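Single-structure report; data block below.
The values are calculated or read from the model by the stated rules, or taken from the named source; none is laboratory data. Predicted, not measured: the structure shown is a model, and the values here were computed from it. Positions of Cβ are backbone-derived with ideal geometry, glycine not excepted, and every protein chain shown enters the neighbour counts.
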Amino acid sequence: MRRKGYRFLAALLCAGLLAGCGAGSGDGNDGGGAQDGQNTQTDGGDGPDLSNIYSGELEQNVTIRVLENDTAIEQGYFQELIDAFNEAYAEYGIVAVDANMDQYSNLADDGPYGYGPDVLYQANDVLMKYVDGKHIYPIPVQELECYSQIPERAWEAYRREIDGVTYHMAVPVNVQTGMLYYRKDLLPEDWETAWDDNANGIPDMIENWNDMYRFSQQRMAENEGQFGYMRSMYDVYFSSGFLFSYGGYVFGSNNTDPSDVGFSAGDSWMGASVLLQQSELMNEGCIDDTITVNAYSKLADGTYFATMTTPDVYTLFLKELILAYQAQGMDEEAARALAEENLVMTQVPMLPASADLSEENPELIPLKTMGGVNGYAISAYTKAPNACLAFVEFATSYEMVMRRCELLGIAPARSDVAENRGGTSEMIYQKLEEGNVVLMPSVTEVDQIWTPAQSFFSDLAKDAFREPGEKKYDDPEKLKAGLAQVDQQIHDAIFTLSGQ
Amino acid sequence: MKSRKTLRFMDSVVTHMILIAVCFIFLFPCLWLILASFSKSGSIYSFDGFFPSEYSFDTFRMLFTDTEMYNYPRWFRNTLFIATMSCLIGTFLVILTAYTMSRFKFRGRKAIMKTTLVLGMFPSFMGMIAVYIIMTQFGLINKMWGLILIYSSGAPMGYLTQKGFFDTIPGSIDEAARIDGATNFQVFLKINLPISMPIIVYTALTSFVFPWSDFILPKLLLKEKDLYTVAVGLMSLGETEFARFAAGSVFIAVPIVILYFCLMRFLVDGMTAGAVKG
Amino acid sequence: MRIKNRTENPQKSVRVSKANKKKMQSESLCTAVKNGGKQVRASMCLMGLGQLLYKQIGKGILYLCVLVLAAFYFVKRGFADIAGLFTLGTKEADTWLGIEGDNSVVMLLMGILSVIAALCFILCYISNIKDVYETQKRVERGGKPATFREDLQQFLDKKFYKTVLFLPILGVCVFNILPIIFMIAIAFTNYGGTIVPPKLVDWVGFNNFVKLATLSQFSPTFLKILNWNIIWAVISTALNYFAGLGLALLLNKECVKGKALWRAFPVLAYAVPGFITLLGFKFMFSYGGPINQIITGMGNKAVGFLDIDAKWIARIIGLLVNAWISVPSIMLLATGLLSNRDVSQMESAKIDGANAFQQFRHITLPFVLFSTTPVLISQFIGNFNNFGIFFFLRGGLYIDGYFLASDTDLLINWLYNLSINNNYYNIGATISLVIFVITSLISLSIYTGSASYREEDTFR
């Protein structure tokens, strides 16, 4: 459901313990003759021939175990999905059921021993890890109805070349990336005149970080203990986007070459300096995970004006805000209506090209954000690949994705759904198309970027609260050195022990 | 005489003051957790300082009624079953092992003692991979008995504490009994077991508490949500479910506290020391 | 009197000196083979046959059953498993082509298991020969072969220890020793990184050790962490132990009324699972936590108890939190032990005019120390390898000057970062092996030198 940086320690611990029981990685072409089968032929532009996996004939009377994410189950979407599927495929006796497992469970651990699900819904970095050990089957996506509706950039996240043949490993459903949440009722009353220079009906602080910075200053000056934009800085998922906007990247060659780590590439130090300036207008909570956890209630009680997080937690913010309004004496219905009206989720503001947040009327560049694509994949240990394929096709149809959008507020990867839904869904979709969503690399080595980058970002945030003489990052050279150190640590983590 | 009395009084006062301080240190975080579980808002950040601003029983009610996603009663039953069985089997094995290691001098005994000591030093998570594969090969994944098997068979590794206890019980009574023609088994059952209550209680408590709060093994071996234990279940809670987390944590402590009060009697006056020595 | 395990005639062995006894035992198989009659030779050919010839039907059939079972196992998979231990698989799996293939890791484990099974079988076989020889000697002396019933009774009496230890040893072998042997074996393979099933794993000899020794980033961090780890283990063990003992003594005082109730408070702490405590404390000490709220509420600057600059503060918090978790269990143990203390000694000491401290120093402490030395050692080991504390309190942090570690990490946390987090199982196993050798040598020497190991009878 959520992004990598958030997984509970427990899940991390156990996933880590076992990741090697079956998980594989590497280039997968040292197996000798084994791979020279039918798979090597390429069939024009229609993708590889997968007829040895998918006979095209539906298995009869089988049960497919589907691993879904917790939010989909909680909000009742998953039940609707399997009910609809089971009805449609009743004549074949195909039944889809909940795999009843942890949403983060690792197929590489369970699959080979027969305990895994048949169809899995997980994030691209997780799913693509299964490819090296061939724990999931490639999918003949060109034959699917959704193929043309899903943008190239989303497919890219699931594409892998093996022995010269390009395979698609999963079908994208949902795009996740950072969004700005703010309270409309906390805007200054005169925002339409004082805070809307370009008179487009959107407050300036929502449009660019410089006005957000100014507004944060103003809110802090007005009332002690009150803040503007707040966000825990250590979170790589949200903070790294600032580096990317000024030329940084994760891995080279379009996120596929782990030997080239690019957190310090280009002018990424400017992104770090933006983060530092933002931290100065927050409290110490930005150093650890305090703000991440308390944003829900602090936004609701008006302490914070805005924060950045993923779209799937919209309901949590809404719930808190309704409670807050109810505490002020409103009845539930009125509170809900008002909360829905005042809680706004929108795209993130633009950055100044100069990286100076106090500059007036700066030249603006878009803020890139890290993102992920969640999708359906088919386990290679399933007994019924054709039925699974039918399920994936069913679950990615227009109706089902639309329904998913309505119930969960996700941003769909299907363009037709995004268009018809409008709003946030369309915004994220647009952003993805424009290349301003930097998808998490779909290589195993991505596991190593989190701790080094996270240490740097919390050190950076801490710097805003160090005494003047003790500051570690008070000039660009020091920022550059800090970022170079991150690159080095990631490189070390990946390569020191791997030398074959 | 009088100064002696004041001295004793002072001693008592100081003792009680230290005790109160200690109890406060232990109580406070627990109290915090308990009150947090009664928080109305569910989020810890709406607290005034340490404690919630408003209280209600909602979280506890939710914990036991809202079981669609988080089936706490079921986790609780699973945990209770696993911990009870592991405790019974584990205690039995540990006490027997410790007794044997203390009373019998046989070939390889010192070697076993050294080996077990050394084995405990191997970083345990490295062996988890092996444990997982063993369980897949025996078909014991998603089986509560598999977990019980591991807990109880690992228990004898910690026999050294209990052996230390048996080492302090004089062998003279054993000898007397053996002269009367009792077998070793009878000596253990009729003579040593009754006077070992404190250590049995201690062993039972520890071997109950470990499976009760462990989450690595159940996470590793129980894949299905229906089989989750409380520890695994609590760790799978969403990030805004703090009150539920607190309520679940508080409730998980209840059986142990009850167990403690039931067994307290044995722990304290399990043995009248003077009767045996002499 | 303690029951001595002897396979020989008891009267005879009394005369045998201690040094000779050991020699005798190792030679007993040879003598059995040399001096054995036809029954012994029959048993050498076919397990249990000798016993059957002596009309020990029950025992003979049991031995035969063992033989049949073993034969069945080894033919069915044992031999193949042992062969697999050497090859570690020859065919790589490919799910896309439907090739099942070999899983090297499973083969390694099952190979080790089959070697253990083979050893057990050999032991059984030897015991079978010895047993017949024993009977033979008994018959030679004019006795009768023991009946099945007599044999069984032996297991409740003379051989009681064998009966009792059978299950624990079996369990420990499968779930503790087997995994450890497995991990040691892993240290000599290339399992890890990109080479994990379905890829085939291979034996690489001492390559991993060479790699570690030649890695320049490795040793400075290793020494720094080892240094802190030893400090941590010593301080926290001492702290927990004496705090627990002190608390038990305090509660044992006559002037304290309602002991059960007082003791209930630490037990309350004990009842809350460790990971919940750790998460709770992490939150308490975080920037948004209640402690910082009070500090800022009083107009001070928030304190980063566990943040990136908090080296010693974080370490001290770790020590205290660990004490909070461990003290109750030591208190309970000490309470149990104290109730077992010889009161008459105390009384006589009191009459002799010893003050409370002297009583503690000369009577209570030696007694408690004696019976808890093993606890002390296992506490030390437990603290040395205490993974949870800093993983929960301050995980996910790398600090300058440390190679992929933070300044509160213990060796086991670092090991986790290096191996599990990065999937380098072979390197992880290698480092564990090195750490393991160091720590086990230290604690073994302490243990074998301690009173509770050498003079087990002190307090009898």
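Inside segment C:108-143, can you point out the residues that are outside any helix (DSSP H, G or I) and in contact with a helix residue (DSSP H, G or I) (Cβ under 9 Å, 6 or more places away or on another chain)?
Across segment C:108-143, the qualifying residue is only C:143.
Got a sec? Which helices (runs of 4 or more DSSP H) wholly within segment B:146-218 have at least 2 residues that are facing chain C (nearest Cβ under 7 Å) and surrounded by 20 or more Cβ atoms within 10 Å (Cβ to Cβ)?
The qualifying helices (runs of 4 or more DSSP H) are B:160-168, B:197-213.
Does segment A:405-424 hold any residues that are part of a helix (DSSP H, G or I) and crowded, with 24+ Cβ neighbours inside 10 Å, and which are they?
Correct list: A:417, A:418.
Out of the residues in segment C:158-170 that are within 8 Å of chain B (Cβ to nearest Cβ) and in contact (Cβ under 8 Å) with a residue 60 or more places away in the chain, which is nearest to residue B:163 (Cα to Cα)?
By that ranking, first place goes to C:161.
So, in segment C:394-428, how many residues would count as being away from chain A (no Cβ under 11 Å) and part of a helix (DSSP H, G or I)?
The qualifying residues number 5.
Which count do you get for residues in segment A:450-483 that are aliphatic (A, V, I, L, M), under 26 Å from the mean Cα position of the chain (by Cα) and within 12 Å of chain C (Cβ to nearest Cβ)?
3
Only residues that are assigned to a helix (DSSP H, G or I), surrounded by fewer than 21 Cβ atoms within 10 Å (Cβ to Cβ) and over 40 Å from the mean Cα position of the chain (by Cα): list them for segment C:291-308, please.
Here is the first cut: in segment C:291-308, the ones assigned to a helix (DSSP H, G or I) are C:291-297.
Checking the rest, the ones that are also surrounded by fewer than 21 Cβ atoms within 10 Å (Cβ to Cβ) come to C:291, C:293-297.
C:293, C:294, C:295, C:296, C:297 - these are the residues of segment C:291-308 that are assigned to a helix (DSSP H, G or I), surrounded by fewer than 21 Cβ atoms within 10 Å (Cβ to Cβ) and over 40 Å from the mean Cα position of the chain (by Cα).
Please identify the pairs in which a residue from segment C:297-316 that is away from chain A (no Cβ under 13 Å) and under 19 Å from residue C:278 (Cβ atoms) has its Cβ atom under 8 Å from the Cβ atom of a residue that is at pLDDT below 85 and loosely packed, with under 13 Cβ neighbours inside 10 Å, counting only partners at least 6 apart or on another chain.
Hits for this filter: zero, empty list.
Going through segment A:397-413 one residue at a time, which ones are at pLDDT 85 or above and β-branched (Val, Ile, Thr)?
A:401
Taking residue B:73 as meeting all but one of (1) closer than 30 Å to residue C:166 by Cα; (2) modelled with pLDDT of 85 or more; (3) not polar (S, T, N, Q), write down the number of the exception.
Residue B:73 satisfies every listed condition except (1).
Residues to consider are C:275, C:283; find the one that is modelled with pLDDT under 85, over 25 Å from the mean Cα position of the chain (by Cα), within 9 Å of another protein chain (Cβ to nearest Cβ) and surrounded by fewer than 23 Cβ atoms within 10 Å (Cβ to Cβ).
Every option except C:283 fails the conditions.
Taking the stated definitions as given, is residue A:114 small (Gly, Ala, Ser) and surrounded by fewer than 24 Cβ atoms within 10 Å (Cβ to Cβ)?
So residue A:114 passes the test.
Pick out the one residue from C:288, C:205 that is modelled with pLDDT of 85 or more and part of a loop (DSSP other than H, G, I, E, B).
It is C:205.
Please enumerate the residues belonging to segment C:68-107 that are surrounded by fewer than 18 Cβ atoms within 10 Å (Cβ to Cβ) and assigned to a loop (DSSP other than H, G, I, E, B).
C:90, C:91, C:98, C:100
Residue by residue through segment A:256-275, note down the ones that are surrounded by fewer than 20 Cβ atoms within 10 Å (Cβ to Cβ) and in contact (Cβ under 8 Å) with a residue 12 or more places away in the chain.
A:256, A:259, A:265, A:266, A:267
Residues being of a type outside the set (Gly, Ala, Ser) and assigned to a loop (DSSP other than H, G, I, E, B): count how many of those fall in segment A:221-275.
Residues in segment A:221-275 being of a type outside the set (Gly, Ala, Ser) and assigned to a loop (DSSP other than H, G, I, E, B): 14 in total.
If I ask for residues that are within 14 Å of another protein chain (Cβ to nearest Cβ) and among the hydroxyl-bearing types (Ser, Thr, Tyr), which ones from segment A:264-291 would you list?
A:279, A:290
Quick check on residue A:370: is it surrounded by fewer than 24 Cβ atoms within 10 Å (Cβ to Cβ), farther than 30 Å from residue A:54 by Cβ and in contact (Cβ under 8 Å) with a residue 12 or more places away in the chain?
Taking the combined requirement at face value, the residue does not satisfy it.
Return yes or no: is residue A:301 surrounded by fewer than 22 Cβ atoms within 10 Å (Cβ to Cβ) and away from every other protein chain (no Cβ under 14 Å)?
Details: surrounded by fewer than 22 Cβ atoms within 10 Å (Cβ to Cβ): yes; away from every other protein chain (no Cβ under 14 Å): no.
Against the criterion (surrounded by fewer than 22 Cβ atoms within 10 Å (Cβ to Cβ) and away from every other protein chain (no Cβ under 14 Å)), residue A:301 does not qualify.
As an exercise: evaluate residue A:160 against (1) more than 19 Å from residue A:442 (Cα to Cα); (2) under 22 Å from the mean Cα position of the chain (by Cα); (3) assigned by TED's automatic domain parsing to the domain that holds residue A:97 and give the number of the one condition it does not meet.
The number of the failed condition is (1).
Collect the residues in segment B:102-140 that are of a type in the set (Phe, Trp, Tyr) and more than 8 Å from chain C (Cβ to nearest Cβ), keeping them in residue-number order.
B:132, B:138
Out of everything in segment C:178-201 that is of a type in the set (Gly, Ala, Ser) and buried (at least 22 other Cβ atoms within 10 Å of the Cβ), what residue ends up being farthest from residue C:432 (Cα to Cα)?
Of everything passing the filter in segment C:178-201, C:193 is farthest from residue C:432 (Cα to Cα).
Hey, residue C:235 hits all of (1) within 11 Å of chain B (Cβ to nearest Cβ); (2) touching a residue at least 60 places away in the same chain (Cβ under 8 Å); (3) aliphatic (A, V, I, L, M) but one; which does it fall short on?
Every condition holds for residue C:235 apart from (1).
I'm checking my understanding of the structure. Among residues of segment B:226-250 that are out of contact with any Gly (no Cβ under 8 Å at 6 or more places or on another chain), more than 11 Å from chain C (Cβ to nearest Cβ) and in a helix (DSSP H, G or I), which one is surrounded by the most Cβ atoms within 10 Å (Cβ to Cβ)?
Looking at residues that are out of contact with any Gly (no Cβ under 8 Å at 6 or more places or on another chain), more than 11 Å from chain C (Cβ to nearest Cβ) and in a helix (DSSP H, G or I), I get B:247.
Among the residues of segment B:164-205, count how many are β-branched (Val, Ile, Thr), over 13 Å from residue B:95 (Cβ atoms) and either touching a residue at least 24 places away in the same chain (Cβ under 8 Å) or touching a Leu at 6+ places or on another chain (Cβ under 9 Å) (or both). Before the answer, list the steps.
In the first step, residues of segment B:164-205 are kept if they are β-branched (Val, Ile, Thr); the result is B:168-169, B:173, B:179, B:183, B:187, B:191, B:195, B:199-201, B:203.
Remaining after also requiring over 13 Å from residue B:95 (Cβ atoms): B:168, B:173, B:179, B:183, B:187, B:191.
Narrowing the set further to residues that are either touching a residue at least 24 places away in the same chain (Cβ under 8 Å) or touching a Leu at 6+ places or on another chain (Cβ under 9 Å) (or both) leaves B:168, B:173, B:183.
The number of residues fulfilling the criteria is 3.
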